[in-house]
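Colleague: Below you will find the structure I want to go over with you.
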Amino acid sequence: MSMTVSEQKTMPSRAASTAAHLAKRHRVEKRFRFYGAAAIAFCFLAVIVLFASIVSKGYPAFLQTHVTLSVPLDEQVIDPAGTRLRNDLYIADYTKLARQALYTALDTGKDRASRKKAGQLLSRGVDVELRDLVLADPSLIGTTVEVSLTAADNVDALLKGAIDRNVPAASRQLDDQQLAWIDKLIAAGKIHKDFNWTLFTRGASSQPETAGLLVALIGSLYMMLTVTFLAVPFGVAGAIYLEEFAPRNKWTDLIEVNVNNLAAVPSIVYGLLGLAVFINAFGLPRSAPIVGGLVLSLMTLPTIIIATRAAVAAVPPSIKEAALGIGASKMQVIMHHVLPLAVPGILTGTIIGLVRALGETAPLLMIGMVAFVVDPPATPLEPATALPIQIYMWATSAERGFTALTGAATIILLLFSFAMNAVAIYLRRRFERRW
Amino acid sequence: MSEAFQTLVTPANPRILAERPVKMSARSVNVYYGEKHAIKNLSIDIPDRAVSAFIGPSGCGKSTFLRSINRMNDTIPSCRVSGDIVIDDKNVYDRDLDVVQLRAKVGMVFQKPNPFPKSIFENVAYGPRIHGIARTKSELEDIVVSSLRKAGLFEEVKDRLDHPGTGLSGGQQQRLCIARAIAVNPEVILMDEPCSALDPIATARIEELIDELRQNFCIIIVTHSMQQAARVSQLTAFFHLGTLVEFGDTDEMFTAPQEQRTQDYITGRFG
C-alpha cells in the first residue's frame, strides 16, 4: 500500500519533468528553424537590393537618344575632286555636314557662339556614323538623307531625367538656349530613344554615348575559348590519371596537396606568373586575350581537377567491378562507365570554373588588359579588354553616362554568368543517371 | 600437419571429382593484404560442370580466394598472391596471360546486384561487344536473348529490353547480372554471395538457376548460408582463418564431417 502511495507521488513529477524537457526540445528546434529562415530571408533581401540597384543604374544605358536630321550630303564637302576614292571619302569633314543640318533644323542663324552651343547637342561620334553611311553607299553623295544621329551625352542625360531643369542655368550642363532647342526638337518629333546598339557594336570611347562593349565581349570570348580548350582537356585528363591510374605514394600525395593549394592561391598571383612567364619569358604580346586565357586556364585548372576527381571518385566501385568482371580493360572501364557517370559532376565543376574565370579581374590587370582599345581584335594576339575589366574602367570614368554604362555592363556580365550556370544545371539534369 | 593438409584437399576422393574432369586446381596459394596473411597455403581441385560451395565464417578468406581466381584482387594495390591457380592447364598468374581474356573465361557475379545504368539489352550486350564476339547486330541480339533465356529472365523483360536495368527488382537485377556474365561464354562462373541481398523468393529462383547452369558451367559459389550450400552444391569447401579445413561431397560434409571444426561450424557452435 505504501508503495503505491510513493509511486503516485513520484509519477506526476516525472511526467512533468519529461514534459518540460520535451517543451524545451521543441523550443530549441523552433528557434533553430527561425534562425535558418532568417538567414535565407536576409540573403534573399541582399540579392534583391543588389539586383535592384544594378538594374536601376544600368537600364538607362540600354536606350540611347538620337536626333533625326535631314543631312544634305554635299559633294563639295565630302568629295570636292569627285574621285570617290575610299581614302578621300574617309577623311571628309562629316561633322560639318551634321552640324549644318542641325543649324538648319534649329534655325540658329550665323552667330558663332550659338552655333557652338548647338553643335554641343550632337555626339562627337556623329562623323563616324555619317562616314559609315557614305562609305557603305557612295551614290548617296549629292542627295539629302534623313538620318538618326546620336545625341550628345548631356541631351541623353536630360531625356533620361539625369539633368534637372530646375537647377539654375549657371550650374547646369545645358543652358536655357540649349534646353529650348531640345524642346523644339522634341516638339517636332525629331528626338527619340532607341535601343542602344552602340553598346554591342563599338569599342572603347571617351564619350559615353559612343562607348561600347564589343572589344570586351570579343576579348572575353577569346579567353573563354582558350580556357575551354586548354584547362578542360588537361584538367579532366589529369584528374582521371590521378584518380584511376596513378600509384598511391608520397609523390602523388605531394601532387594532390599542391593541386589543392593551387586552387586557393589568390588570383592576382596567377597574373604575376603570367606577366613573368608568358609575357617576359615567352615574349607574348601584352594586353592580348591569349595571355589572359593562358593565365585564366592556369587559374581554373585546379578547380577542374578537384571537381573531376570528386566526380570520378563518386562513381560506385560496384559498376567498375562489374565491368572488370566481364573482361573490360581499365581504359574501357573508364571510357564506357566511369566517365559517362562522372560527366554531370565534371560539367558542373568545369562550368563553375569557367564562370569564375569569366568574372576574374585581378590577374588580367597584371598582364595589361586594362587598355583603351577602340578596334575589335581580329585575333587573340591583338590587344583587347575583358568584360570585368571594362566594368572597372567605366566605373572609374568621370562622365555621368559611364555610370549607366557600368551598370549595363554589369548586367550583361551577370547575364552571361547566369546563362552559363543554367547550362550547367541543364547538362547535369540531362546526363544524370541513377544507379 | 602437411600430410593431414594434403589429405584434406581431396578427402577420400570425393565422388564428384572421380566422375568429372578437374576444371580448376590451386596449389600452395598464399594471399597477402599488406602484412595480413589472408590465404594460407591453400590447395584445392574444382571439378567442371558442378557447383562447388565455399563456406566459412566472415573473414575466413573464401571471398579472397574466389577473387584470386579471376584476378579481381589485382585492383587492390596492397594485395599479393603466390602459388599456382591453374584453369585448363593454364596458370592464371602467368606473366603472358591476358587478364581481359581470363575474365571473359571466368565470369563473376557479385554480392550486390550491380547492373550498369544502361538498358537491359545494353547490360547483356556490353560483354560480347567489347570482346568482339558478335559480328552482326542480329548475332548480338541472339546472344542477348539466349543469355537472358539461360538466366531465366527473358520472359519477364522481353517487352522492355530498352528499359534501364536498374529499374528491375533486386532478384531480376541479379539474374540480369548472371545473364551479363554468361553472355561472353565463360567456362567458370564465380558467385560471391549472390543471394545475400535478396528476399527468399528471389533467392529460390537464383538457386534454381544455378542448378540449371551447372549443366554447362563450372560454378563456384561463396555463401554464408549453409542451407544454401546444402541445396545448390555438389561439393563444399569449409574455410577457417585463411586455411581450407575440409573439402568434400556436400551431402557427406553436412552429415558426416571429418573435422571437428567443420562439425562445430555446421552445427552452429561458432561462426
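Colleague: Exposure proxy check: A:Ile367, B:Ile55, B:Ile133 ranked by fewest other beta carbons within 10 Å?
Modeller: B:Ile133, A:Ile367, B:Ile55
Colleague: Okay, moving on. In what sequence do A:Asp153, A:Asp74 fall when counting other Cβ within 10 Å, fewest first? Working shown, then result.
Modeller: On the way: A:Asp153 23, A:Asp74 17.
With the sparsest Cβ surroundings first, the list reads A:Asp74, A:Asp153.
Colleague: How much length is gained on full extension from A:Ile255 to A:Ser318, taking 0.36 nm per residue of separation minus their Cα-Cα distance?
Modeller: 19.9 nm
Colleague: Measure off 7 Å from each Cα along the Cα-to-Cβ vector at A:Ala237 and B:Asn91, then give the distance between these two points in nanometres to one decimal.
Modeller: Placing both labels 7 Å beyond Cα along the Cβ direction yields 3.9 nm.
Colleague: Turning to a different aspect of this structure: Checking the a/c ratio against 1.5 first, then a/b against b/c, what shape does the Cα gyration tensor give for chain A?
Modeller: Oblate is the answer for chain A, as a/c is 1.5 or above yet b/c matches or exceeds a/b.
Colleague: Helix B:120-131 versus the longest principal axis of chain B: what angle, 0 to 90°, nearest 10, using Cα atoms?
Modeller: For B:120-131 against chain B, the angle is about 70 degrees.
Colleague: If the reach is capped at under 27 angstrom between alpha carbons, list the lysines near B:Lys118, excluding any in the same chain fewer than eight residues apart.
Modeller: The qualifying lysines are A:Lys320, A:Lys330, B:Lys105, B:Lys137, B:Lys150, B:Lys158.
Colleague: Right, something else. Which listed residue (A:Leu275, A:Leu339, A:Ala395) has the Cα farthest towards the positive end of the charge dipole for the range A:214-431, taking +1 on Lys and Arg C-beta and -1 on Asp and Glu C-beta about the Cα centre?
Modeller: A:Leu339
Colleague: Where in chain A are the helices, taken as whole DSSP H runs, whose Cα atoms extend 30 angstrom or more along the long axis and whose Kyte-Doolittle mean reaches at least -1.0?
Modeller: Length and hydropathy pass: A:2-58, A:214-240, A:289-313, A:400-431.
Colleague: Name the most mobile residue of A:Arg112, A:Arg99, A:Arg124, meaning the one with the largest mean-square fluctuation, in a Gaussian network model of chain A with Cα contacts below 10 Å.
Modeller: A:Arg112
Colleague: Let a ≥ b ≥ c be the square roots of the eigenvalues of the Cα gyration tensor of the range A:78-150; is it rounded (a/c under 1.5), or, if not, prolate (a/b larger than b/c) or oblate?
Modeller: It is prolate, given that a/c is not under 1.5 and a/b is the larger ratio.
Colleague: Would you mind ranking B:Ile189, B:Ile201 so that the residue whose beta carbon has the fewest other beta carbons within 10 Å leads the list?
Modeller: B:Ile201, B:Ile189
Colleague: Same structure again: How far apart, in nanometres, would the label points at B:Asn30 and B:Glu141 be if each is projected 7 angstrom from Cα along the Cα-to-Cβ direction?
Modeller: 5.5
Colleague: OK, next. Starting from the Cα gyration tensor of chain B, take the square roots of the eigenvalues, sort them a ≥ b ≥ c, and report rounded, prolate or oblate (rounded when a/c is under 1.5, otherwise prolate if a/b is larger than b/c, else oblate).
Modeller: prolate
Colleague: Moving to a separate point now. Name the most mobile residue of A:Val236, A:Val343, A:Val167, meaning the one with the largest mean-square fluctuation, in a Gaussian network model of chain A with Cα contacts below 10 Å.
Modeller: A:Val167
Colleague: Same structure, new question: Set the Förster radius R0 to 60 Å, insert the Cβ-Cβ distance between B:Thr267 and A:Ile40 as r into 1/(1 + (r/R0)^6), and round the FRET efficiency to 0.05. Can you show the working numbers first?
Modeller: Values: r = 62 Å, r/R0 = 1.03.
Efficiency computed from Cβ-Cβ geometry: 0.45.
Colleague: Separation between the A:Ser17 and A:Val265 pseudo-spin-labels, each 7 Å from Cα along Cα→Cβ, expressed in nm?
Modeller: Inter-label distance under the simple model: 6.2 nm.
Colleague: Right, here's the next one. Given R₀ = 51 Å, what would the calculated FRET efficiency be for A:Met420 paired with A:Thr143, taking r from the Cβ atoms and rounding to 0.05?
Modeller: Numbers: r = 48 Å, r/R0 = 0.93.
With a Förster radius of 51 Å, E is 0.60.
Colleague: Further, regarding this structure: Using the alpha-carbon centroid of each, what span in Å lies between the range B:145-184 and the range A:68-105?
Modeller: With the range B:145-184 and the range A:68-105 each reduced to a Cα centre, they are spaced 82 Å.
Colleague: Separate question: Setting aside same-chain residues fewer than 8 positions from A:Lys96, which lysines have a Cα under 25 Å from its Cα?
Modeller: Within the straight-line limit of under 25 Å, A:Lys96 reaches these lysines: A:Lys110, A:Lys116, A:Lys117, A:Lys184, A:Lys190, A:Lys193.
Colleague: I would also like to ask the following. Given the DSSP H assignment, sum -39500 (n - 2.57) over each helix run of at least 4 residues in chain A and divide by its residue total; what's the result at 222 nm in deg cm²/dmol, nearest 500?
Modeller: One gets -20500 deg cm²/dmol as the mean residue ellipticity at 222 nm.
Every number here is computed from the coordinates shown, using simple stated rules; none is lab data. Given the structure is predicted, the values throughout are model-derived calculations rather than measurements. So basically every Cβ, Gly included, is an ideal-geometry build from the backbone, and we count neighbours across all protein chains shown.
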